[in-house]
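The values are calculated or read from the model by the stated rules, or taken from the named source; none is laboratory data. These numbers were taken from a predicted model, which means no experiment stands behind them. Heads up, the Cβs are rebuilt from the backbone with ideal geometry, glycines too, and the neighbour counts pull from every protein chain shown. The accessibility values were calculated without ligands, DNA or RNA, using every heavy atom of the protein model including side chains. Shrake-Rupley method; radii C 1.70, N 1.55, O 1.52, S 1.80 Å.
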Amino acid sequence: MAVKDWEQRPQDGDYYTSRTAYLRQGDLFANVPLGYPFPPEAIDHEEGKRKFLAGPFESGFGMLLSPTCSFIAQGAKGYAHPVRMVAPVLSVEHLIEAGAVKEASLADLRRYDHLINYFYLPPIEDVGLPESLALLYASVTLHHDYLEENRIAQLSEAAAIHLKYKLAALFSGTRFGHEDFADVAG
């Protein structure tokens, strides 16, 4: 699929806002444990032309991928369960150095966020988040309490719609339009 066929991502200035006191899909966190069980005899699967980083990763930035409606209590305040799915967030610079992202793709990445396995995140300088990508393919599961006091940002409605667009493309193999998610970004 040609890059020009992807919808443009929101502009940097339209990415982050404060939307709710409760956690929601797309929220960004610092100091998140990003490890997962890794068998001692495990091998890295590195066949093919593309390179993926597989972790386990050090603690760092993470993005909440769990759908808000799956963990918000129905008919009551609070949360229905403590299980959260989080994508590691790594700097674009690190991903280029590791060979997972090509420097030649940066202009298109910044405009379209066209790499299906990643979600582009503009920098948030006051919390030390550099220009980064959330590794949508490498999510980890952890307890809610790891996130509670560590939120650094929430996605704007436009960026939340773009996240749903990217998750649908990754997990279903189908690309919808941003307009298909406008009613569910809430």
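Quick notes on this one:
- Check on Glu149, without any contact (Cβ under 8 Å) to a residue 40 or more places away in the chain, closer than 19 Å to Tyr22 by Cα and open to solvent by 40 Å² or more (accessible area, probe 1.4 Å): yes
- Residues of segment 83-107 satisfying the condition of being open to solvent by 60 Å² or more (accessible area, probe 1.4 Å) and outside any strand (DSSP E or B): Glu93, His94, Glu97, Lys102, Glu103, Ala104, Ala107
- Subset of segment 62-119 (residues that are of a type in the set (S, T, N, Q) and over 25 Å from Glu131 (Cβ atoms)): Thr68, Ser70, Gln74
- Ala107, sole failed condition from (1) in contact (Cβ under 8 Å) with a residue 24 or more places away in the chain; (2) under 26 Å from Gly177 (Cβ atoms); (3) of a type outside the set (D, E, K, R): (1)
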